Amino acid sequence: MIPGVRTNMEELTLIRRHSLLVRITHWLNVPCLTILLMSGLQIFNAHPALYWGEISDFDRPILALTNRVDRAGRPVGITKAFNREFDTTGFLGASKGPGDTITPRGFPSWLTLPSYQDLATGRRWHFFFAWLFLLNGAIYLAYSTGGHLVRDLLPSAAELKHIGRTAWDHVRLRFPRGDEARSYNAIQKLAYLVVILVILPLMVLSGLTMSPAIDAAFPQLLTVFGGRQSARTIHFLTAFALILFVFVHVMMVVLSGAWNNMRSMITGRYAIPPRGESLEHSSL
């Protein structure tokens, strides 16, 4: 309990939600993922197209960020997805560059590291933070398999039985109160498990498959992913799946109580209001 702090009926309860190691690895992931995304887009801009298979089929890309010149001589950004084309001038294919002019470019300069086209520098940033991210994830996973993964993230049979109701509550932005807020719900647990056990391993392994040195040591990776171009496409898709997860994660953190959630990831303590109360209406 927090001495001297009360809601209408009961005192708020503080619980220990995140261990120190979970908090440290969580915050290390923030700069790692940000720099990996921006440097990865720099690398992608060197050839902004995706294919499936062992080789690049320039006539039939799965996705391509390209451009053409209009009648006035100005570049027009074109995004090709399979057989469909979309005008994405100003963001994809052609965007503002130095001098505030529209220049041919896959992703815009404000999304890449460095902002100007420099494949070698982008690769150095990407590889350094990729290994740092991998080491950080290995430490987290080693800790998690000791109890955190099973205790906190594995949904029970009872939780899975009522997952439909939990999903509907999420859609209506009805967040757990009272004892239900002591742990993650089934939707949260499954989302974290998919990221930890599916998306991240696929992203890491597909990234390694694009390395000729790794392929020489482990040629089986090319077989597993169906070729280097398939691995590149999977790497791109899993990276954006992770971005989508982070976006939804941040949105839910804000909507369910930004200060309480941030405090729990900084200090490890999470405040639980009594059922029927909300932190916004308490004196915390």
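In summary, the lysines within cross-link reach of K189, defined as a Cα separation below 24 angstrom excluding same-chain residues under 8 places away, comprise K161. Counting every C-alpha pair in the stretch 144-248, the share spaced more than 18 angstrom apart comes to 60%. By the rule of a C-alpha distance below 25 Å, with chain neighbours fewer than 8 residues away ignored, the lysines paired with K80 are K96. The calculated P(r) of the stretch 49-106, using every Cα pair and 5 Å bins from 0, goes 5, 22, 24, 21, 14, 9, 5, 1 in percent. Toward the positive end of the charge dipole of the chain, with +1 on the Cβ of Lys and Arg and -1 on the Cβ of Asp and Glu, the farthest Cα among A46, A181, N83 is that of A181.
Estimated from the Cβ-Cβ distance and a Förster radius of 35 angstrom, the FRET efficiency linking L197 and K96 is about 0.30.
Between W168 and L135, the contour length at 0.36 nm per residue exceeds the Cα-Cα span by 8.2 nm.
Here's how it looks for G90: its modeled amide H is under 5 Å from those of G77, S95, which are all 5 or more places away or on a different chain. Each stretch of four or more DSSP H residues adds -39500 (n - 2.57); spread over every residue of the chain, this sum gives -15000 deg cm²/dmol at 222 nm. Within the shell of other residues whose beta carbon sits under 15 angstrom from the beta carbon of P104, the net charge comes to +3, with Lys and Arg scored +1 and Asp and Glu -1.
The alpha carbons of the chain occupy a box of 70, 49, 35 Å along the principal axes, longest dimension given first. Projecting label points 7 angstrom from Cα along Cα→Cβ for R124 and S211 puts them 1.8 nm apart. For the stretch 49-106, relative contact order (Cα pairs under 8 Å, six or more residues apart, normalised by length) works out to 26 percent.
In a reduced charge model with +1 at each Lys and Arg Cβ and -1 at each Asp and Glu Cβ, the stretch 49-106 shows a dipole moment near 200 debye about its Cα centre.
What the Cβ-Cβ distance of Y143 and I187 gives, at R0 = 22 Å and to the nearest 0.05, is a FRET efficiency of 0.40.
No lab work stands behind these numbers, since they all come straight from the coordinates. These numbers were taken from a predicted model, which means no experiment stands behind them. So basically every Cβ, Gly included, is an ideal-geometry build from the backbone, and we count neighbours across all protein chains shown.
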